[in-house]
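Working notes, structure below.
The values are calculated or read from the model by the stated rules, or taken from the named source; none is laboratory data. What you see is a predicted model; the values in this text were computed from it and never measured. In this analysis, Cβ positions are derived from the backbone assuming ideal geometry, glycine residues included, and neighbour counts consider all displayed protein chains.
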Amino acid sequence: MIRIEMVNKNVSQMEMAAKVFARAFQQEGINRYVYDFSNEKIEALLEKHIFEDLIFNMKNNGYSLLVALQDDEVVGAALIKKHMEEKKPLINKVKEVLRKIRISLPLVVHMKIRNTIKLAKGVSLTNKLESNHIILSALAVFPEHQGKGIGKLLLAEVHRISNDSGAPGTYLYTADEKNKRLYERLKYKLIENKAAGELTIHHMYRTN
């Protein structure tokens, strides 16, 4: 029996979610384009990086973490945020950039720098969406538990939260054709395709 929960301050669940993201991302198109997963050390480094990012973003940037639990084990996770137009003080922006650099340094040797630069252009929309929509930043299921409908359960909860919050819709992007077809079946519409080197980034939006 799978149940979906919102994580509040459960550090253990955050750690397990970071493990799920780090493992699943090795099969995901964008992350494979950016990281060299041939070194077995990268999974642990990526897990640590994601965990630190989760702690910071949930505390400071309004992110929420959903987990799929099977017998209290996290087998899937989704990270969401309500997009708001906000102006942060310059000092806060500088601190955040420095923080990202600090936690990313151990990963730099495993990154494909040219691909990372190409990707930066592909993940930004040409035209901004209206404020207050929900951003689905990440969705992952442990490879051993994929194909069991866990991703759809997480998405159903994301959509419920999006509706209940009064948001106009939910936004995401993907470079995986399989995922794109899944999102289309769940009423996401393609709003823009952008090239990022050899990848095509599909920007998608689901209206509530």
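Among residues of the stretch 45-62 that are within 19 Å of P106 (Cβ to Cβ) and at pLDDT below 95, those with a beta-carbon under 7 Å from a residue that is in a helix (DSSP H, G or I) and among the hydroxyl-bearing types (S, T, Y) at least six positions away or on a different chain give the pairs H49/S104. Among the residues of the stretch 157-199, those identified as over 17 Å from the mean Cα position of the chain (by Cα) and of a type in the set (A, V, I, L, M, F, W, C) are A167, L186, L190, I191, A195, A196, L199. For first residues located in the stretch 159-180 and over 26 Å from A120 (Cβ atoms), partners that are part of a strand (DSSP E or B) and small (G, A, S) and lie 6+ apart or on another chain with Cβ distances below 8 Å form the pairs I161/S64; S162/G169.
For the stretch 7-36, filtering for residues that are within 26 Å of I201 (Cβ to Cβ), in contact (Cβ under 8 Å) with a residue 60 or more places away in the chain and of a type in the set (A, V, I, L, M, F, W, C) leaves 7.
Tally up the residues in the stretch 107-137 that are modelled with pLDDT under 90, surrounded by 12 or more Cβ atoms within 10 Å (Cβ to Cβ) and part of a helix (DSSP H, G or I), please. Summing the residues that are modelled with pLDDT under 90, surrounded by 12 or more Cβ atoms within 10 Å (Cβ to Cβ) and part of a helix (DSSP H, G or I) in the stretch 107-137 gives 2.
Note on the stretch 144-177: among residues that are part of a loop (DSSP other than H, G, I, E, B) and of a type in the set (A, V, I, L, M), the one that is farthest from H83 (Cα to Cα) is A175.
Filtered by the rule that a residue be of a type outside the set (D, E, K, R) and surrounded by 14 or more Cβ atoms within 10 Å (Cβ to Cβ), the stretch 138-148 gives A138, L139, A140, V141, F142, H145, Q146.
Determine, yes or no, whether H133 is in contact (Cβ under 8 Å) with a residue 60 or more places away in the chain and within 17 Å of the chain's Cα centre (by Cα).
On the way: in contact (Cβ under 8 Å) with a residue 60 or more places away in the chain: yes; within 17 Å of the chain's Cα centre (by Cα): yes.
It is true that H133 is in contact (Cβ under 8 Å) with a residue 60 or more places away in the chain and within 17 Å of the chain's Cα centre (by Cα).
So, of the residues in the stretch 178-208 that are hydrophobic (A, V, I, L, M, F, W, C) and in a strand (DSSP E or B), which turns out to be farthest from Q27 (Cα to Cα)? Taking the candidates together, the pick is I191.
Here is a yes/no grid of residues against (1) closer than 25 Å to L119 by Cα; (2) crowded, with 18+ Cβ neighbours inside 10 Å:
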site: M14; (1), (2): no, yes
site: V20; (1), (2): yes, yes
site: R32; (1), (2): yes, no
site: E40; (1), (2): yes, no
site: D53; (1), (2): yes, yes
site: D71; (1), (2): no, no
site: V75; (1), (2): no, yes
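Evaluate the following for N179: is it under 24 Å from N61 (Cβ atoms) and at pLDDT below 95? Even if it seems obvious, please write down each step before you answer.
Working: under 24 Å from N61 (Cβ atoms): no; at pLDDT below 95: yes.
No; evaluated as a whole, the condition is false for this residue.
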